[in-house]
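Notes to accompany the following structure.
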Amino acid sequence: MDTELLDVTDFERIGGGKTKDIFLDPSFRGYVLIRSRDDISAGDGARKDTMTGKAELATTTTVNNFRYLDSCGIFNHYVAGVVDPVTFRALECTPIPIECVARRYSAGGSYPKRVPGIPVGHRYDHPVVEMFWKQDVGEYTDPFMVFDAKKGFFELHPAQEPTTAMNVLSTIAANEIPGFEKFADPLQLIATMEMMTDRAFCALERAYRMVALTVVDMKIEFGLDNAGDVTIIDVIDADSWRAWVDGDPEKAVDKQFFRDHPDEPADTSLPAYRYVAEKSAQILELP
């Protein structure tokens, strides 16, 4: 791997997010370059800062996680070959604007507010998989999605409130969502994303448990490759989950400290990201 950063000044940027940029790869048709930035955010972007060195640690973690999923036969868009310390190559895919979240525990975030009957810290025997719309509806960010199979549309609900028939923010027909038009039955795509989320979460959860790290929940995104196959895309790094050292909630190695301590410098959280990157290398050495 070249330690010099690739100059992407003239590359076509086709997407990105709060912490990364996605460029078309000019050297290989059908591929993209995903470059992490040192940015960190919380509260759906309400708080933003930079953490020197985070981009390299995030790229290391993502690449190792995708390599591990590859070894488990779980399809993702990573292509062997890290371009530079903060950039990796991936298949160009059509993103599906839905965020899937697998939860082993009821912990933090919107979940305890949406499901108030479940005590914080409750462990599920089997992960709960949920879907969130990756677009705002008015003042509501990342609404919780409930599919009505009879009507063929998703109801969008506030993520931080109990889900009821009275708080439907909006609805969206499944066939209006990019990716769904490829499937005669939207339930087929929904079931595939839920199954792949479950498999990916359980595979990584099991691996990290063997190196003394408990994965609490995890965000996963999907797209369709050029053949129309569903694949895991984006990144899976320390911003994608909640994780506890040895199962101790007081030893979180994610961005929870950044969320909870707005007066602390962002770099205070850097050791957690370094720890995760080191653990991600260790899971590749498991028998």
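The values are calculated or read from the model by the stated rules, or taken from the named source; none is laboratory data. These numbers were taken from a predicted model, which means no experiment stands behind them. With ideal geometry, Cβ positions are generated from the backbone for all residues, glycine too; neighbour counts draw on all protein chains shown.
The table for this structure:
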| read-out | value |
| --- | --- |
| In the stretch 219-256, the residues that are of a type in the set (A, V, I, L, M) and over 18 Å from Ile40 (Cβ atoms) | Ile220, Leu224, Ala227, Val230, Ile232, Ile233, Val245 |
| Enumeration of residues in the stretch 145-171 that are assigned to a strand (DSSP E or B) and either closer than 23 Å to Thr231 by Cα or of a type in the set (Ser, Thr, Tyr) (or both) | Met145, Val146, Phe147, Phe153, Phe154, Ser170, Thr171 |
| Which numbered condition Thr192 misses (of (1) among the β-branched types (Val, Ile, Thr); (2) within 13 Å of Ile96 (Cα to Cα); (3) crowded, with 18+ Cβ neighbours inside 10 Å) | (3) |
| Residue list for the stretch 201-231, restricted to those being over 17 Å from the mean Cα position of the chain (by Cα) and either under 19 Å from Gln256 (Cα atoms) or not basic (Lys, Arg) (or both) | Ala207, Met210, Val211, Ala212, Leu213, Asp225, Asn226, Ala227, Gly228, Asp229 |
| Asp237 being under 27 Å from Asp21 (Cα atoms) and at pLDDT 95 or above | yes |
| Residues (within 24 Å of Ala227 (Cα to Cα), surrounded by fewer than 19 Cβ atoms within 10 Å (Cβ to Cβ) and touching a residue at least 40 places away in the same chain (Cβ under 8 Å)) located in the stretch 36-70 | Arg67 |
| Strands (runs of 3 or more DSSP E) fully within the stretch 190-287 counting 1 or more residues that are over 30 Å from Phe153 (Cβ atoms) | 213-224, 241-245 |
| Filter result for Asp49 (at pLDDT below 95, in contact with a Ser or Thr (Cβ under 8 Å, 6 or more places away or on another chain), in a loop (DSSP other than H, G, I, E, B) and not hydrophobic (A, V, I, L, M, F, W, C)) | no |
| When residues of the stretch 200-256 are limited to those that are among the polar types (S, T, N, Q) and more than 19 Å from Tyr111 (Cα to Cα), the one surrounded by the most Cβ atoms within 10 Å (Cβ to Cβ) | Thr231 |
| Matching residues, the stretch 145-180, being surrounded by 13 or more Cβ atoms within 10 Å (Cβ to Cβ) and either in contact with a Cys (Cβ under 7 Å, 6 or more places away or on another chain) or free of Cβ contacts under 8 Å to residues at least 12 places away in the same chain (or both) | Asn167 |
| Filter pass, Glu92 being farther than 17 Å from Asp198 by Cα and surrounded by 15 or more Cβ atoms within 10 Å (Cβ to Cβ) | yes |
| Any hit, the stretch 25-42, residues being more than 22 Å from Ser280 (Cβ to Cβ), in a strand (DSSP E or B) and modelled with pLDDT of 95 or more | yes |
| Given (1) at pLDDT 95 or above; (2) farther than 23 Å from Phe132 by Cβ; (3) of a type in the set (Ser, Thr, Tyr), number of the condition Thr192 does not satisfy | (2) |
| Any chance Phe147 is in contact with a strand residue (DSSP E or B) (Cβ under 6 Å, 6 or more places away or on another chain) and within 24 Å of His126 (Cα to Cα) | yes |
